[in-house]
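Visitor: Mind looking over this structure? Questions follow.
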Amino acid sequence: MAAAHYRVGSLDIAIISDGEFRLDGGAVFGLVPRVLWEPIVGPENIDDQHRVPLGLNCMVVRSGDAVLVADTGFGQKIQGTREARGYPGDYGHLLSELAALGIAPEDVTAVANTHLHADHCGGNTRRDGDAVVPAFPRARYFIQSGEYEDAMHPNERTRGTYFAENFEPLEASGQLDLVDGEREIIPGVTFIPTPGHTQHHASIALSSGGETAFYTGDLVHAAVQIERPAWIPAFDVLPLVSLETKKQLADRAVRERTLLICGHNTFPGVGRLTERDGKRVFATE
C-alpha cells in the first residue's frame, strides 16, 4: 500500500500501514446500539462473526535528521491461536512499508508508542532466532512511564493485550526512554497525555509554521467517535475520562483546523473536524 504524504510546516509526514485486523463491532462501539453504528461501518464490512475492520495506520515524521515512527502495529510475532482467535487479519507490513519510503530500520531515530496494547507496539521488536530484539537498533523508544508500569504488571482485564515481548527487550537494550507527562521528543513533535483508553494513554501533537496535526492513537477508534465523543469503545478503561479528553481534542481540532491522524480509520485515516450547522463532521483528506 502506497504511503500517504502530508506537510505540517517544515515537518514531512507519511502515513503507512502495518495492515488491518478485525474486532467485535459491539466492543468497538461500546454501549452504542448496532442499529446506529452498522450504517456507518457499512453492512458489507461486517463479517459473519460481527467483526468490523480496523486499520493499523502508523505515522512517520521527518524533522531535520530525526526520523520518528509513531506506533508500530502488530508486527510479525503474533501467530497460531492468538492470531486466529484474538487478532485475525493481515498485518506485519511496517518494515516493508518503511523500506518503500527508503527508510531502513537503522535510519529510525525515535519510536513513540501511544500505549502498549499489542496492535500499537508489536512492531517495536522482532524475532532473531530464539531471541526477541528491538526492530530499530538505533532508535530511542518513548513510552509514558505509567503506561510501561501498567503493561509490566497487567491485571485480569489487560493481560490479553499487554505482551512483554513487545517492550521488555527495549529496557534490556538500553533504548527505553520513559516519559512523565508532556515532552517534545523530536523538534516539533510532542507527546501529550490523553487519558481514557488507558490511564496513561498519550497522543502525539505536531506543530510547525503555524500548522498543527494530531496523531490520536486509541483516543479514536473510528472517525465517528470524534464527531460524537459519547460513542466510547468498551475497551476504554476510564470511559468518562475518555469522554472529557475527546471533547477537549474536538474543540481544539475545530479551533485550530488540526490535521487529525486516526490510527484505526480506513487507511490513511486522515482528515479535519469541521462544524456545520452545529454538528461536527470528520472530513477526510
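Visitor: Report, ordered by the first and then the second residue, all pairs with beta carbons closer than 7 Å, sequence separation of six or more or different chains, a first member in segment 234-245 that is under 18 Å from P154 (Cβ atoms), and a second member that is among the hydrophobic types (A, V, I, L, M, F, W, C).
Guide: From segment 234-245, the pairs are A234/A27; F235/A27.
Visitor: Still on this structure, please answer the following. Is it fair to say L273 is aliphatic (A, V, I, L, M), assigned to a strand (DSSP E or B) and under 19 Å from the mean Cα position of the chain (by Cα)? Step through it out loud before you land on a result.
Guide: On the way: aliphatic (A, V, I, L, M): yes; assigned to a strand (DSSP E or B): yes; under 19 Å from the mean Cα position of the chain (by Cα): yes.
Judged against the criteria, L273 is a match.
Visitor: Specify which of the listed residues (Y87, Y91) is touching a helix residue (DSSP H, G or I) at 6+ places or on another chain (Cβ under 9 Å), crowded, with 20+ Cβ neighbours inside 10 Å and among the aromatic types (F, W, Y).
Guide: Of Y87, Y91, the one residue that is touching a helix residue (DSSP H, G or I) at 6+ places or on another chain (Cβ under 9 Å), crowded, with 20+ Cβ neighbours inside 10 Å and among the aromatic types (F, W, Y) is Y91.
Visitor: Something else: Q79 versus (1) more than 20 Å from E165 (Cβ to Cβ); (2) surrounded by fewer than 21 Cβ atoms within 10 Å (Cβ to Cβ): which is the lone unmet condition?
Guide: (1)
Visitor: Only one residue in G209, G181 is within 19 Å of the chain's Cα centre (by Cα), more than 24 Å from L56 (Cα to Cα), surrounded by fewer than 18 Cβ atoms within 10 Å (Cβ to Cβ) and among the small types (G, A, S), so which one is that?
Guide: G181
Visitor: Hand me the list of strands (runs of 3 or more DSSP E) wholly inside segment 158-248 holding 2 or more residues that are over 22 Å from P134 (Cα atoms) and of a type in the set (A, V, I, L, M).
Guide: 189-193, 202-208
Visitor: Inspect all residues belonging to segment 7-19 and state whether any of them is crowded, with 19+ Cβ neighbours inside 10 Å, at pLDDT 95 or above and over 22 Å from F214 (Cα atoms).
Guide: no
Visitor: In segment 243-271, how many residues are among the hydroxyl-bearing types (S, T, Y) and more than 14 Å from E211 (Cα to Cα)?
Guide: 2
The rows are residues; the columns are (1) at negative phi; (2) crowded, with 21+ Cβ neighbours inside 10 Å; (3) touching a Cys at 6+ places or on another chain (Cβ under 9 Å); (4) of a type in the set (A, V, I, L, M).
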| residue | (1), (2), (3), (4) |
| --- | --- |
| A27 | yes, no, no, yes |
| V35 | yes, no, no, yes |
| P39 | yes, no, no, no |
| G42 | no, no, no, no |
| V67 | yes, yes, no, yes |
| A70 | yes, yes, yes, yes |
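Visitor: Report yes if T258 is farther than 20 Å from Q199 by Cβ, surrounded by fewer than 15 Cβ atoms within 10 Å (Cβ to Cβ) and among the hydroxyl-bearing types (S, T, Y), otherwise no.
Guide: On the way: farther than 20 Å from Q199 by Cβ: yes; surrounded by fewer than 15 Cβ atoms within 10 Å (Cβ to Cβ): no; among the hydroxyl-bearing types (S, T, Y): yes.
Considered against the rule, which asks whether it is farther than 20 Å from Q199 by Cβ, surrounded by fewer than 15 Cβ atoms within 10 Å (Cβ to Cβ) and among the hydroxyl-bearing types (S, T, Y), T258 comes out as no.
Visitor: Tally the residues that are in contact with a Pro (Cβ under 9 Å, 6 or more places away or on another chain), among the hydrophobic types (A, V, I, L, M, F, W, C) and part of a strand (DSSP E or B), restricting the search to segment 18-70.
Guide: 3
Visitor: In the set E182, E211, which member is among the acidic types (D, E), free of Cβ contacts under 8 Å to residues at least 24 places away in the same chain and out of contact with any helix residue (DSSP H, G or I) (no Cβ under 8 Å at 6 or more places or on another chain)?
Guide: The conditions single out E182.
Visitor: Here is a check on your reading of the model: is R228 surrounded by fewer than 21 Cβ atoms within 10 Å (Cβ to Cβ) and over 14 Å from G30 (Cα atoms)?
Guide: No; evaluated as a whole, the condition is false for this residue.
The values are calculated or read from the model by the stated rules, or taken from the named source; none is laboratory data. In this text the structure is predicted, and so the values were computed from the model without any measurement. Here Cβ is always computed from backbone atoms with ideal geometry, including for glycine, and neighbour counts include all displayed protein chains.
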